[in-house]
Amino acid sequence: MTALLELHDVHARYGPVKALHGVSLEVADGAIVAVLGANGAGKTTTLRAISHTVDRDGEVRFAGTLLRGAPESVARLGVAHVPEGRGTFAELTVWENLRLGAYTRRGNLKDDFARVGTYFPWLEERKYQQAGTLSGGEQQMLALARAFMQRPRLLLLDEPSLGLAPLLVTEVFRIIKELNENEGVTVLVVEQNAHIALQLAQTAYVLEVGRVALSGPSADLQQHESVRRSYLGY
Amino acid sequence: MVELARRLPIPQRRLPASPVLLVLLAACIFLAVGSSMSTLFAQLTVQGVASGIVYGSLALALVLIYRATEVINFAQGEMAMACVYFAYQLMQWGLSYWAAFFATLAIAFVFGVVVQQVVIRPVQHRSVIAVVIVTVGLFILIDGLVEWKWSASQRFMQAPFGNSVYHLGSVPIARQQVGTIVIVLVCVLALWAFFRFTKVGLGMRAGALRPAAARLVGVRTNALLAVGWGLAAVLGAVAGLMTEPSQYVLSPTLMQPVLLYAFAAAVLGGLESPGGAVVGGVALGVFLNLIGQYWGFVGSVLQLPVAFAALLVVLLIKPTGLFGHRSVRKV
């Protein structure tokens, strides 16, 4: 498999504070890759470095081309970034949020909306509801649906489990897996919930203070002594 | 998930607070009853609506920019005034009024885009106060340039609607007032439809609400900001062109009182509410026109102070304006 996304020696900073000290990682085309780590390890910053919403140095390659442009150009190349807090436009309706997901695309959205409906059947009856009035779980689903409308090649997800009840977390991760398998979307997911992330992903990276501390197939990491102790808790 | 969705009640879209609607309804009934009893009252009301809707359209321009850039554009009135001079110049060159009118709207759009890109954008990310000061500077700059090009003396422009008068029952209504109301309403509705139904309009709303998230879905927020300034300038130009015939002459100070009323109208409406700006403008126009006539003490001299006193009272009762709501921003 060829790498769809490659990060090579990426540094990032927020003003004077450095958040990434040379991160390198690869995401194979069609794979699900997880990034694990404690608070402040640089997980969110890694995603932001990819979508260029943070100042960064180093090489970020997507499908062979260097990503240099503004966030909107990265989005137009087929990278859907669901940021921290889900990026929901709370004041707009569900339908408007979905239309915004498809903002970079031309043509009729009817088919796409029908297709989104197969994953999230409840969206149809909530079309004209204000997105801010949805529950946390529904907003996370809406964020996935919005990203799906973009028809991305690469989906960047920032803590999709955050603030959700365990049952909903399972549901959200099941849908991510389906999107990956049925639609061929490559997924890079940042998670604190290492347990569920390692179940979903084939490969994982563990970040510690802005560096890759450990990486490998999920099955290996699950067995790894320090990962088990630090992130899985047994 | 579907089960969960069914159990939740589906909330309505948020409506403005109903006491405000009741007060507005009462005001409308008062105006209707008054108009049916007195011809003068009816005439003054229509006059007030015509001048108020012009304040409203300039107020709407201010609100558009406030929502997108989070500053008040102090130069909005002077930009509008410059546009009226453009129209004047086009007519001097032999264009008919309506050809000049539409050409001016196109020029105004470009003018707004250029102002945003050249003057506002470089300071945009510094601080709000920097942008405000730049708009004040722009006010003085435009004023100076217009006086330099066309001199400060008064000019006369062709009237768009002529001097004819319609009669609605016994109430005489000037064609010019009807024309003003219709033109501004058409512009406001067109703008509303643009924001509501088009993709670019949706992108602009998203960019104003959450710029960072909008960029992540591919909205070119910088370009759309410029489009927003262009549209605001077009609205301003409409306000300017509709102000001119009521003043009968064109001078560089044309829009200065209108800008003050527009500020008042925008704040009255809630500053973030486009509908509020228009309603605020009309309310202000009607209120001023009636009070100037029926409360002899006010006359035409004290209109502006009275307008701001009324504004103060409204804000004391409802600090967020008629249709504003307290914005809760998560950091």
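Observations, loosely collected:
- Verdict on B:Trp229 being away from chain A (no Cβ under 14 Å), at pLDDT 90 or above and surrounded by 22 or more Cβ atoms within 10 Å (Cβ to Cβ): yes
- For the range B:288-300, filtered to residues that are modelled with pLDDT of 75 or more and hydrophobic (A, V, I, L, M, F, W, C), the residue that is nearest to B:Ala262 (Cα to Cα) is B:Leu288.
- One residue stands out in the range A:134-188 among those that are within 17 Å of A:Pro83 (Cβ to Cβ), polar (S, T, N, Q) and assigned to a loop (DSSP other than H, G, I, E, B): the one that is nearest to the other protein chains (Cβ to nearest Cβ), namely A:Gln150.
- Failed item, numbered, when B:Gly218 is tested on (1) part of a helix (DSSP H, G or I); (2) within 14 Å of chain A (Cβ to nearest Cβ): (1)
- Checking B:Arg215, B:Arg196 one by one, the residue that is among the basic types (Lys, Arg), surrounded by 18 or more Cβ atoms within 10 Å (Cβ to Cβ) and farther than 29 Å from B:Phe156 by Cβ is B:Arg215 and no other.
- Note on the range A:68-127: among residues that are assigned to a helix (DSSP H, G or I) and of a type in the set (Ser, Thr, Tyr), the one that is nearest to the other protein chains (Cβ to nearest Cβ) is A:Ser73.
- Qualifying residue in the range A:77-99 (condition: surrounded by fewer than 19 Cβ atoms within 10 Å (Cβ to Cβ), over 30 Å from A:Glu125 (Cα atoms) and of a type in the set (Val, Ile, Thr)): no
- For the range B:120-140, taking the residues that are in contact (Cβ under 8 Å) with a residue 40 or more places away in the chain and more than 22 Å from the chain's Cα centre (by Cα), the one that is farthest from B:Ile72 (Cα to Cα) is identified as B:Arg121.
- Residue check for B:Ala190: surrounded by fewer than 24 Cβ atoms within 10 Å (Cβ to Cβ), away from chain A (no Cβ under 14 Å) and more than 28 Å from A:Phe148 (Cβ to Cβ): yes
- Residue match in the range A:7-30 (condition: among the polar types (S, T, N, Q) and outside any strand (DSSP E or B)): no
- With respect to the stated conditions, B:Gly281 is under 12 Å from the mean Cα position of the chain (by Cα) and either farther than 30 Å from B:Gln92 by Cβ or at pLDDT below 90 (or both).
The values are calculated or read from the model by the stated rules, or taken from the named source; none is laboratory data. What you are looking at is a predicted structure, and each value in this text was computed from that prediction instead of being measured. Neighbour counts are summed over all protein chains in view; Cβ atoms, including those assigned to glycine, are modelled from backbone coordinates with ideal geometry.
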